[in-house]
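The values are calculated or read from the model by the stated rules, or taken from the named source; none is laboratory data. Fair warning: this is a prediction, and the values are worked out from it, not measured in the lab. Cβ atoms come from the backbone with ideal geometry, glycine included; neighbour counts cover every protein chain shown. Accessible surface is based on the protein model in full, side chains and every heavy atom, while ligands, DNA and RNA are left aside. Shrake-Rupley method; radii C 1.70, N 1.55, O 1.52, S 1.80 Å.
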Amino acid sequence: MKLLCVVGTRPEAIKMAPVIMALRNDNAFEVRVLATAQHRHLLDQVFSLFGIAYDYDLDVMTPNQTLPELTAKLITGIDSVLESFNPDMVIAQGDTTTVFTAALAAFYRKTPFAHVEAGLRSRDLYSPFPEEGNRILAGHLAALHFAPTTLAQDNLIREGIDACKIVMTGNTVIDALLETAKQDVEPGFTLPENSRMILVTSHRRENFGEPLKNICNALRSIIAKYDDVCIVFPVHPNPHVRETVYGILAENDRIKLINPLGYEQFVSAMKQAHLILTDSGGVQEEAPALGKPVLVLRQETERTAALAVGATRLAGTDEQDIIDHVSTLLDNPNEYRKMVIGTSPYGDGQASMKIVRAVKDFFHL
Ligand code: UD1
Ligand code: UDP
């Protein structure tokens with residue numbers, strides 16, 4: 001069977017790497033990898049870590065690409081690969097524009113599409129934007145859905161997806177995380193002695209502008225309020241993010257604004273962190289497995305399993321709300337301990353193996 005795995009951005013690379021490796025270990029499959037390179041540097045970093053080479057590279061990234069430009073380039077680019085390779089199945093993960101266009105291109109050729117991390121829903125079409133729309137559209141074009149949690153599975157069934165097309169696998173990010181966390185690498189920055197480190201990431205489109213300014217102002221206030229706290233902020237390369245962050249926050253010995261870290265280094269930074277503030281989807285899934293509390297810099301989240309076990313809390317994007325949430329955890333060890341779970345509601349590191357089994361079942365192998 002010929003399988004085409006389509007990958008565009010950093011989180012897709014992290015979550016698809018274990019799937020690609022597991023599929024390649026099974027000689028029932030000829031697996032080819034199509035990098036759309038919606039992200040260039042971030043994608044290459046992850047694939048080189050996992051030792052995966054691309055078979056096709058669309059190299060679509062241009063500075064400040066708009067969604068319509070990106071969508072148009074992707075759909076025609078992916079289709080040209082479908083035409084030459086003619087796979088029996090297309091597999092992609094998540095909710096980026098790469099994933100939506102991979103599902104659509106496969107549909108136009110009547111090729112089955114398998115969706116990894118299926119069924120996540122915020123129930124607000126505009127938040128996260130455009131991801132909520134992308135995953136609903138990709139989900140409704142899919143022939144096979146790999147749900148990371150029972151909550152995600154229930155979302156799909158509620159939308160009328162046939163239960164026999166859904167397989168509960170766990171999230172492949174835990175496969176990648178557990179493998180990577182075994183290595184002890186230096187994160188590549190030094191912290192003031194005896195300080196409590198807050199690790200921050202932010203890149204969501206709906207946080208551009210005021211919300212991200214509020215986040216940065218809150219970080220400045222937290223640093224002023226607690227002299228034993230330091231902040232490490234790997235700043236996403238999206239120019240909208242960089243302008244705001246570097247415009248408000250100044251580097252000093254307790255605020256480290258750094259380039260995105262390689263995955264190994266970022267996992268090591270999560271292990272060192274006292275607390276994590278993020279609007280990232282993947283980080284909300286990984287941090288609970290490492291026993292690190294997460295304050296989510298959004299009004300809502302589709303990662304409700306972590307919220308339900310108390311490993312994450314919604315802090316929103318109001319400056320004072322963020323300061324209050326952080327202060328509660330810094331001032332009150334009992335509140336902090338309540339959030340240290342140490343097991344993951346997102347799986348046990350076996351998701352990729354379950355996906356391989358399900359793909360074989362699909363083809364009656
Ligand atoms: C994208 C996804 C988002 C995902 C996020 C993960 C879409 C529309 N957005 O958001 O769902 O959560 O990736 O990080 O699919 N850039 C670089 N180098 C890189 C990567 C990005 O310079 O390695 C810059 C480019 O100027 C690019 C811009 O960032 O034009 C935005 O990239 P894009 O993929 O459109 O959106 P992200 O905000 O990265
Ligand atoms: N990550 C990384 N380096 C960084 C920041 C994040 O490797 O400097 C990893 C993180 O561990 C997680 C993934 O990138 O696995 C999340 O990517 P991102 O936040 O860009 O996307 P999202 O998950 O929100 O779609």
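Remarks
- Calculated over the range 96-255: convex hull of Cα atoms, volume per residue (Å³): 161 Å³
- Residues of the range 221-250 falling in the label zone of Ser327, defined by backbone nitrogen less than 16 Å from a point 7 Å along Cα to beta-carbon, are 221-229.
- Helical content alone sets the calculated 222 nm signal of the chain at -14000 deg cm²/dmol, taking -39,500 (n - 2.57) per DSSP H segment of four or more residues and averaging over every residue.
- Three-way shape label, the range 21-76, alpha-carbon gyration tensor, a/c 1.5: oblate
- Within the chain, longest stretch free of exposed chymotrypsin sites (Phe, Trp or Tyr not before Pro) [DSSP loop, at most 14 other beta carbons within 10 Å]: 127-362
- The angle separating the long axis of helix 131-141 from the principal Cα axis of greatest extent in the chain is about 20 degrees.
- Angle between the chain longest axis and helix 172-181 axis [Cα atoms, degrees, rounded to 10]: 50 degrees
- Tilt relative to the chain, helix 97-108 - C-alpha long axis, 0 to 90 degrees, to 10: 10 degrees
- Estimated at the nearest 10 Å², the accessible area of Thr317 is 10 Å² with a 1.4 Å probe.
- Per residue, the convex hull spanned by the alpha carbons of the range 1-111 comes to 84 Å³.
- Cα Rg over Rh - the range 304-362, Kirkwood: 1.23
- Only Lys, Arg, Asp and Glu carry charge here, each on its Cβ (+1 for the first two, -1 for the last two); on that basis the chain has a dipole of about 420 debye about its Cα centre.
- Phi to ³J(HN,Hα) by Karplus 6.51 cos²θ - 1.76 cosθ + 1.60 over the range 200-214, Hz, x for Gly, Pro: 10, 9, 7, 8, 4, 4, 6, 9, 4, x, 3, x, 5, 4, 4
- Of Val229, Val185, Val46, the one that fluctuates the most in a GNM where the chain has Cα springs shorter than 10 Å: Val185
- Positive-end ranking of Ala92, Ser48, Ala35 along the dipole of the range 1-99, with charges on Cβ about the Cα centre, is headed by Ser48.
- Long-range HN-HN contacts of Leu144 with modeled amide H, under 5 Å: Phe113, His115
- Simple point charges give the picture: +1 on the Cβ of Lys and Arg, -1 on the Cβ of Asp and Glu, and for the range 180-312 a dipole about the Cα centre of about 180 debye.
- Taking amide hydrogens as placed 1.01 Å from N in the peptide plane, the amide H of Gln93 sits under 5 Å from those of Val116, each at least 5 positions away in sequence or on another chain.
- Within the range 1-89: Cβ-based charge dipole about Cα centre, in debye rounded to nearest 20 (Lys, Arg +1; Asp, Glu -1): 240 debye
- Taking all Cα pairs closer than 8 Å and separated by 6 or more residues, the relative contact order of the chain comes to 15 percent.
- Distance from the Cα centroid of the range 310-327 to that of the range 1-61 is 35 Å (rounded to whole angstrom).
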